[in-house]
Amino acid sequence: MMNITSYTSDALLIEGGTRLSGRVRVSGAKNASLPIIFATILTSDPCTVEDVPQLLDVKNACDLLLMLGAEAHRKGDSVLIDPSGISSHEAPPEIVRKMRASILSLGPLLARFGTARVALPGGCSIGARPIDQHLKFFAKAGADVSLKDGFIQVELKNKKPLEFSFELITVTGTENALLYLSSVEGRSILRNIALEPEVMDLVEVLRKMGAEIEIEGRTAVVRGSDYLKGFHHRVIPDRIEAGTLMVASLLTDGEVYLENTVPEHLGSVIDTLRSMGASIERRDNALLVRGKATRPVDVYTSEFPGFPTDMQAQVMVLLSLAEGKSRVYESIFENRFQHVYELRKMGAKIEVRGRTALVEGVEELRGAEVFSTDLRASASLVLAGLVAKGTTVVRDLYHLDRGYERLEEKLKELGACVERLPSLVS
Ligand code: EPZ
């Protein structure tokens, strides 16, 4: 009999087999909210960020702003920030340890103070997550970059425009550079930038603040300003949450109407799911997902507009139940197959060879006790529980809570049998 007591962190108890149907609203994007929250460091004017999801990562980003001296508080689905009181240029380890994206405070703090000290973000379970491109950019910008006592220390005498080419495409590397350059007078050029929708949402905010940014292909021309003003911005919908909910519907042969989506942000995900047999109809800024997706396909993750690595674990659950063999190639992170070992406990037939996973579809998955290892892996285990025969317990839910707002409630509203087991030791 499965032990359904939860000890050190919340767990989800899921009874598989119910068909999902109904309407659900997709939350604002976590990975757009984070750089936009840090953009407020560039100004002393009040800023309002709307449709910010209630997530651990967002709370950590706001806590960092508070530690720097800003005021930040939530009002409904918005976060109101008054950055005028920011007086510290240091992001301490206790925050950075909890959220690697704190590295995005480096560019704005350097822009504001001419110096910044940010604790080194460790790696995480999906990879070493180096930040060499970020540091090369700041060095090229003329900063003195040093690593000391577990901190990144950057000092800059005077800000001047520059040209820089990233050696590889990095989302937060691009964002850090854009945040910094928006405050640098003159014409700067960034080449080989990331084009993820979350990066483009940050660009919209920086333009509202007074930076001139033109993007042509993977090149950005930035004319920054010494004075950047406050902004009011509604963040884009979370395309990864939308993709996750689409997979949930398809796994249960359901019919789900996703409100608040930008279909253009989901092109490769929609194409992949349609090639598996899914019916996906666009309705303005909503998507109607119907039926199943059982045809095996090969999936290659790559930078936007390619198939997003953040959807790899989720689509693997669908492939585990497809009528045949599929291959999944994870080109972005070196260790992003940890969900495979947990899915195997549920009967999935997946073999990992380096960056490729060979998936052989099976008739059904069986409920089991499984452990989350990272944000998107935890989502894939919840998805597997929805369709598995019997009961599934997904443990270490803090991974899920970092990136999904009320996921179990949204699934329950769609008909899923899912309950959160609060940890006994909170
Ligand atoms: C962002 O991480 C996202 N996080 C990740 O989402 C996402 O998986 C990733 O982009 C890829 O799309 C946020 O936006 C907060 P990268 P980031 O720099 O910026 C290597 C989630 O699930 N690299 O684009 O850290 C790196 O190791 C999270 O919400 C260097 O080698 O990713 C990786 O292999 C997980 N040197 C590749 O590039 C560098 O200086 C892409 O990383 C930077 C990156």
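The long axis of helix 239-251 is offset from the longest Cα principal axis of the chain by roughly 0 degrees. For region 30-234, the per residue solvent-accessible surface stands at 38 Å², with DNA, RNA and ligands left out and a 1.4 Å probe.
Taking amide H as placed 1.01 Å from N in the peptide plane, the amide H of CYS417 sits under 5 Å from that of GLU15, THR18, each at least 5 places away or on another chain. Classify region 28-149 as rounded, prolate or oblate from the Cα gyration tensor: take a ≥ b ≥ c as the square roots of its eigenvalues, call it rounded if a/c is under 1.5, otherwise prolate when a/b beats b/c and oblate if not. Oblate. What would the Debye equation give as log₁₀ I(q)/I(0) for region 30-234 at q = 0.13 Å⁻¹, counting only Cα atoms as equal point scatterers? Reported log10 I(q)/I(0), two decimals: -0.62. For region 10-84, just say rounded, prolate or oblate: build the C-alpha gyration tensor, square-root its eigenvalues into a ≥ b ≥ c, call rounded for a/c under 1.5, and beyond that prolate if a/b exceeds b/c, oblate if not. Prolate shape, in that a/c is at least 1.5 and a/b is the bigger ratio.
Counted residue by residue at 0.36 nm each, then reduced by the alpha carbon distance between them, the extension gain from ALA128 to LYS157 reaches 7.3 nm. How far is helix 375-387 tilted off the main Cα axis of the chain, in degrees rounded to 10, range 0 to 90? The angle comes out at about 20 degrees. Near LEU321, once Lys and Arg are set to +1 and Asp and Glu to -1 for all other residues with Cβ below 10 Å from its Cβ, the sum equals -2. Placing +1 on the Cβ of every Lys and Arg and -1 on the Cβ of every Asp and Glu, with nothing else charged, gives the chain a dipole about its Cα centre of roughly 400 debye. For the chain, the equivalent ellipsoid derived from the alpha-carbon gyration tensor has semi-axes of 38, 22, 21 Å in decreasing order. With each label modelled as a point 7 angstrom along the Cα→C-beta vector, the GLU323-LEU120 pair spans 5.3 nm. When shorter helices are ignored and each DSSP H run of at least 4 residues is given -39500 (n - 2.57), the per-residue value for the chain at 222 nm works out to -9000 deg cm²/dmol. Surface composition of the chain: carbon plus sulfur atoms contribute 50% of the solvent-accessible area (1.4 Å probe, protein chains only, all chains present). The slack between TYR227 and VAL352, meaning 0.36 nm per residue of separation minus the straight C-alpha distance, is 39.9 nm. Averaging Cα coordinates gives a centre for region 287-323 and one for region 150-225; these two points are 32 Å apart.
A 1.4 Å probe run over the protein chains yields, for region 246-315, 36 Å² of accessible area per residue, whole-number rounding.
Treating only the Cα positions of region 371-426 as identical point scatterers, give the base-10 log of I(q)/I(0) from the Debye formula at each q in 0.19, 0.25, 0.27 Å⁻¹. Listed by q, the Debye log ratios stand at -0.65, -1.13, -1.28.
Distance between the modelled labels on ASN285 and ARG74, one decimal in nanometres: 2.1 nm (7 Å Cα→Cβ projection). What the Kirkwood sum gives for region 279-426 is a hydrodynamic radius of 16.0 Å, with every pair of different alpha carbons counted. Rounded to the nearest 10 degrees, the angle from helix 197-209 to the longest Cα principal axis of the chain is 30 degrees.
In this label model, TYR300 and TYR398 are separated by 3.8 nm, measuring between points 7 Å along each Cα→Cβ vector. Summary value for the chain: 23 percent relative contact order, contacts being C-alpha pairs under 8 angstrom separated by 6+ residues.
The values are calculated or read from the model by the stated rules, or taken from the named source; none is laboratory data. From a predicted model like this one, the values you see are computed outputs, not experimental measurements. Glycine gets a Cβ as well: all are built from the backbone with ideal geometry, and neighbour counts include every protein chain shown. Calculation scope for accessible area: heavy atoms of the full protein, side chains included, ligands and nucleic acids excluded. Shrake-Rupley method; radii C 1.70, N 1.55, O 1.52, S 1.80 Å.
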